Amino acid sequence: MTLRPLSATFRIAALGLALGAAGHVHAMTDAELAAIIDQRLAGDRTGACLAVAVIEPDRVARAWRCADVGDVARIGPDVAFEIGSIAKTMTATLLADLIGKGEASLDDPLADHLPEGTQVPDYDGQPILLRHVVTHTSGLPALPSRMNVTDPRDPYVNLDADALLASLADVDLTHAPGEQYAYSNFASMLLSYALARRAGADFESLIDDKLFTPLGMEGAYVARPPERVRPAQGHTPDTKTTPSWTIATDLAGVGGVRATLDDMVHYVQAQLGLRASPLAKAIALTQQPVATDAASRMGMNWIIAPLDGRDIHLHGGGTGGFSSLVAFDRQRQRGAVVLSDTSLTSLGGLQDIGLHLIDPEQPLGEPRKAARAPDELLEALQGDYTLQGGMTMRLQRQGEGLVARVPGQPEFALAYDSAGDFYPLEHDAALTPRRGKDGSYGFLWKQSGAVFPAVRVEATTSAPSAAPLPLDDYLGEYPLMRGFELHVREHDGVLHAQATGQGEFALERTSTDVFEAPAYGIEIRFVRDDAGKVASLELHQAGQVLRGDRR
């Protein structure tokens with residue numbers, strides 16, 4: 001079942017980025033790294049294979065591991081993975097190089113870098129600037145309107161530069177550029193195209209000449225694989241193979257780069273200042289916070305996250321058959337690369353692995369293994385649901401699993417895993433049950449990087465319930481770990497939350513004292529004391545729980 005076109009975006013949820021205190025980290029060996037990855041991956045139901053590296057000043061630890069040890073031939077030092085949206089940080093480096101040479105500025109209007117006559121939207125005369133493009137505050141939608149998706153497994157195949165530029169005419173900005181963070185592949189494709197156009201060369205030639213070659217990334221490419229480099233075969237998390245994505249070369253700065261593990265090691269070494277190159281100043285510029293009016297904190301396409309009083313930089317990537325993550329801590333001189341030949345976006349991605357490798361204090365997840373669902377859960381989930389966006393789904397028990405029926409589509413079976421999710425046996429998605437305080441069930445449907453809350457049809461047609469508790473009950477500050485607090489506020493009758501160093505986001509009430517931010521896969525449960533006052537909260541995200549007392 002496909003609910004909407006796939007997106008190249010790997011959305012690392014805002015709250016998943018905040019880290020606690022890091023202790024001393026010793027130099028890692030290959031064997032230690034392999035053991036960590038085996039602990040996280042061995043027997044995982046997705047069948048994924050990972051290429052992983054930890055980069056330090058004096059050594060690099062590397063590991064190539066698979067959920068099934070018999071699949072290890074799928075990957076190796078000569079295998080190039082789709083790195084998805086990590087490519088955006090490379091595109092930003094090309095722009096930063098121009099800025100350093102005085103040939104561009106973050107305050108340039110985007111329109112100045114597009115063909116004359118291109119209809120670029122503005123908001124009450126306020127134009128989209130390049131600083132808005134590289135911080136995802138342009139106001140442009142996630143995807144261009146004229147993609148013409150004919151095969152959801154290869155969603156960008158019909159998109160060319162003409163359709164990309166024409167899609168700008170379909171946009172009406174709803175707020176001033178720079179005011180709000182909203183991830184936009186559309187904007188990133190425009191930057192990729194603009195840089196190639198300015199260079200008078202295709203984007204692959206440009207990035208090879210200006211970035212791959214200077215950094216020694218000999219196996220990296222867009223459409224022309226070097227000799228002795230094997231393109232990895234992508235997979236969906238139901239263990240099925242899936243086609244590679246086709247992105248027009250000049251738009252490939254959005255997420256169309258392939259690279260080997262050592263290519264990405266060289267890239268992270270350059271980010272840490274461990275590899276000399278003519279791009280050193282440009283790389284440093286991309287890591288600096290870029291000023292906008294939005295609450296989010298971004299470099300030039302780098303996410304900047306707080307870590308015990310200092311910053312780490314990171315970015316993830318996800319395509320139809322691959323997931324990836326790069327993270328580095330300049331102060332501690334430690335970086336991590338995680339490349340997967342399986343798309344894990346709907347299951348929370350690779351951030352638990354990457355963050356654990358940067359800081360061992362961060363929890364490492366466990367393999368997802370097939371499990372038996374509790375009988376009471378199977379019974380409770382049966383019923384008709386409406387998903388955000390209007391689609392309906394009927395769930396019925398069948399043996400030890402569920403069968404889902406969506407109007408106009410064949411029914412499909414759902415199995416259960418040890419993380420508490422149901423998953424289709426024939427395509428990439430996940431169903432995460434959510435139980436309200438009243439005992440009723442809904443769920444989150446996760447597919448293609450999107451999260452769709454679902455509620456029972458009966459709940460939408462039942463008699464009105466008692467008036468909800470006032471939002472003032474929840475306002476306050478909730479320290480979740482050292483240096484990381486969640487601030488809960490109310491604006492215009494809607495509850496909002498903001499984590500230290502992150503952007504503010506709205507919360508939707510799903511039941512008494514339970515709120516969700518569906519786009520981030522976040523559920524917040526407020527806990528009351530014996531007197532009935534809210535005393536603490538629990539933040540649930542990607543299988544992890546953070547708790548904090550109200551202050």
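The values are calculated or read from the model by the stated rules, or taken from the named source; none is laboratory data. This structure is a prediction, so every number in the text was calculated from the model and none was measured. Every residue, glycine among them, receives a Cβ derived from its backbone with ideal geometry; neighbour counts consider all protein chains shown.
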Applying the selection to the range 212-243, what residues are closer than 23 Å to Ala53 by Cβ and under 20 Å from the mean Cα position of the chain (by Cα)? Gly234, His235, Pro237
Scan the range 229-251 residue by residue and report those that are at pLDDT 95 or above, out of contact with any helix residue (DSSP H, G or I) (no Cβ under 7 Å at 6 or more places or on another chain) and charged (D, E, K, R). Arg230
Consider Leu347 carefully, then state whether it is in contact (Cβ under 8 Å) with a residue 60 or more places away in the chain and either farther than 19 Å from Phe484 by Cβ or of a type in the set (Gly, Ala, Ser) (or both). yes
Could you identify the single residue in Pro360, Pro407 that is at pLDDT below 95 and either at positive phi or exposed (fewer than 14 other Cβ atoms within 10 Å of the Cβ) (or both)? Pro407
Just for the range 50-94: of the residues that are among the charged types (D, E, K, R) and touching a Ser or Thr at 6+ places or on another chain (Cβ under 6 Å), which one is nearest to Glu218 (Cα to Cα)? Glu82
In the range 320-354, anything at pLDDT below 95 and either in contact with a Cys (Cβ under 9 Å, 6 or more places away or on another chain) or hydroxyl-bearing (Ser, Thr, Tyr) (or both) is listed as Ser343, Thr345, Ser346
If I filter the range 60-77 for residues that are closer than 21 Å to Gly299 by Cβ and either in the same structural domain as Asp154 (by TED's automatic domain parsing) or assigned to a helix (DSSP H, G or I) (or both), do I get at least one hit? no
Taking the condition of being out of contact with any Phe, Trp or Tyr (no Cβ under 6 Å at 6 or more places or on another chain) and crowded, with 19+ Cβ neighbours inside 10 Å, how many residues in the range 73-88 meet it? 7
For the condition in a loop (DSSP other than H, G, I, E, B), surrounded by fewer than 20 Cβ atoms within 10 Å (Cβ to Cβ), in contact (Cβ under 8 Å) with a residue 24 or more places away in the chain and within 19 Å of the chain's Cα centre (by Cα), what is the one hit in Ala291, Ala295? Ala295
The correct count of residues that are over 28 Å from the mean Cα position of the chain (by Cα) and of a type in the set (Ser, Thr, Tyr) in the range 72-122 is 1
